[in-house]
Amino acid sequence: MRRFSEEEQEIIRRLVESDGYSRNIVNLIDGRGLEGVRFSMDRTTLSAELLFEAIGQTPSDDEVRLMGSRQESIAKMILSYVALFRYLEKHDLVITYKPANSSGNIIEFGLGAVNLPAHRWKLNDKSLAGLVAEYYDKEIIPTRPLKHLVENDFIPDEEKRFKSQMRATWTAIGTSIIIGILSLAVGGTLIYLNVAGKT
C-alpha cells in the first residue's frame, strides 16, 4: 500500500467521519479552493466551465491571469480527489454506490455567489468533466480496512508488525550484550578471587 500525503489523509479522515450521501466528491471537496468560483457542467455534452464572481462586465488583465492560474489549481485539485477515490476503490478500501435517483444534466457546485455576475472560463479538458460526471452522484463508502487504517494513523498492519519485530530483535540483541558483559565481569571476578585466594 502506498503512503498517503497529508492532504490525502485529511480527505480520507473526512470520508470516514462523514455519513450517508454526504460522502460524495462535491461534499468532500466542500468548497476547498472554490472561494468565489462555481464549477458548472452539462453532462450530455461534457462541456464544463468555471464561473468566477465578477465586479465588471469585462475582466481586467489581472483578473484573466488570476482566473487562468486558479483554473489550473482547481483542475489539479479535482483530479487529485478522483485519483485518490479510484485508488481506494481499486484496493477495496472504499465501495462506490450510485443511488437510483441521480441528479439532472447540469452539475454545479462551488462557493461562487449565484446572484452576482460571473466571468466564464471554459474548461477544454473533457476527461476532467467526464471524471466529475462519473463521481458526482456516487456515494463513497469506506470499508472496514480503510477505517482501521485511519485508526492506526495511516500505518499499515504489516509496517506495525515489522516495527514490532525490529524492536523485539534490538531488545534481544541489547539483552544478549548485557548478559555477555555481565558474564565476562562475573567470570573475571571469580577468576580474580580464585587466584587471590590461592596466594
>> So, taking all protein chains as they sit and a 1.4 Å probe, how much accessible area belongs to THR58, in Å² rounded to tens?
In response: 110 Å²
>> Heavy atoms of the protein only, probe of 1.4 Å, neighbouring chains included. What is the accessible area of LEU184 in Å², nearest 10?
In response: 130 Å²
> So who's got an amide H within less than 5 Å of the one on GLY112, skipping anything under 5 residues away but keeping other chains? H placed 1.01 Å off N, in plane.
Replying inline: GLY36, VAL37, ARG38
>> Suppose R0 equals 35 Å. What FRET efficiency, 1/(1 + (r/R0)^6) with r the Cβ-Cβ distance, do GLN57 and GLU35 give to the nearest 0.05?
In response: 0.95
> When the Karplus curve 6.51 cos²θ - 1.76 cosθ + 1.60 is applied with θ = phi - 60°, which whole-Hz ³J(HN,Hα) does each residue of the range 126-139 get, with x for Gly and Pro?
Replying inline: 5, 5, 4, 4, x, 5, 5, 4, 5, 9, 4, 8, 7, 7
>> Show log10 I(q)/I(0) for the chain at q = 0.12, 0.13, 0.17 Å⁻¹, two decimals, from a solvent-free Debye sum over equal Cα scatterers.
In response: -0.73, -0.81, -1.13
> Helix 61-90 versus the longest principal axis of the chain: what angle, 0 to 90°, nearest 10, using Cα atoms?
Replying inline: 50 degrees
> Do the alpha carbons of any pairs in LYS90/LYS122; LYS98/LYS122; LYS90/LYS138 sit beyond 22 Å of each other, and which pairs?
Replying inline: LYS90/LYS122; LYS98/LYS122
> Considering only the other residues whose Cβ falls under 13 Å of the Cβ of ALA129, what net charge follows from Lys and Arg at +1 and Asp and Glu at -1?
Replying inline: -2
> Leaving out same-chain residues fewer than 8 places away, which aspartates and glutamates sit with a Cα under 19 Å from that of LYS76?
Replying inline: GLU6, GLU7, GLU8, GLU10, ASP30, GLU35, GLU49, GLU108, ASP125, GLU134
> Relative to the Cα centre, what is the charge dipole magnitude of the chain, using +1 at the beta carbon of each Lys and Arg, -1 at the beta carbon of each Asp and Glu, and rounding to the nearest 20 debye?
Replying inline: 940 debye
> Normalised by the residues of the chain, what does the relative contact order come to in percent, with Cα pairs under 8 Å and at least six apart?
Replying inline: 31 percent
> Got a number for the accessible area of ASP62? Probe 1.4 Å, square angstrom, nearest 10.
Replying inline: 100 Å²
> Can you list the residues, at least 5 places off or on another chain, whose amide H is less than 5 Å from the amide H of ILE95, using H built in the peptide plane?
Replying inline: ILE141, THR143
> In debye, nearest 20: dipole of the range 8-70 around its Cα centre with unit charges on the Cβ of K, R (+) and D, E (-)?
Replying inline: 220 debye
> Okay, helix-only estimate at 222 nm for the chain: each DSSP H run of n ≥ 4 adds -39500 (n - 2.57), divide by all residues, round to 500 deg cm²/dmol; what do you get?
Replying inline: -18500 deg cm²/dmol
> With labels modelled as points extended 7 Å from the Cα through the Cβ direction, what inter-label distance (nm, one decimal) is found for ARG65 paired with PHE4?
Replying inline: 3.8 nm
>> Just to confirm my numbers, what's the Cα centroid distance between the range 42-108 and the range 19-36 in Å?
In response: 11 Å
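The values are calculated or read from the model by the stated rules, or taken from the named source; none is laboratory data. Keep in mind the model is a prediction, meaning the values are calculated, not measured. So basically every Cβ, Gly included, is an ideal-geometry build from the backbone, and we count neighbours across all protein chains shown. The protein model used for the area step is the full one, side chains on, heavy atoms only, and it has no ligands, DNA or RNA in it. Shrake-Rupley method; radii C 1.70, N 1.55, O 1.52, S 1.80 Å.
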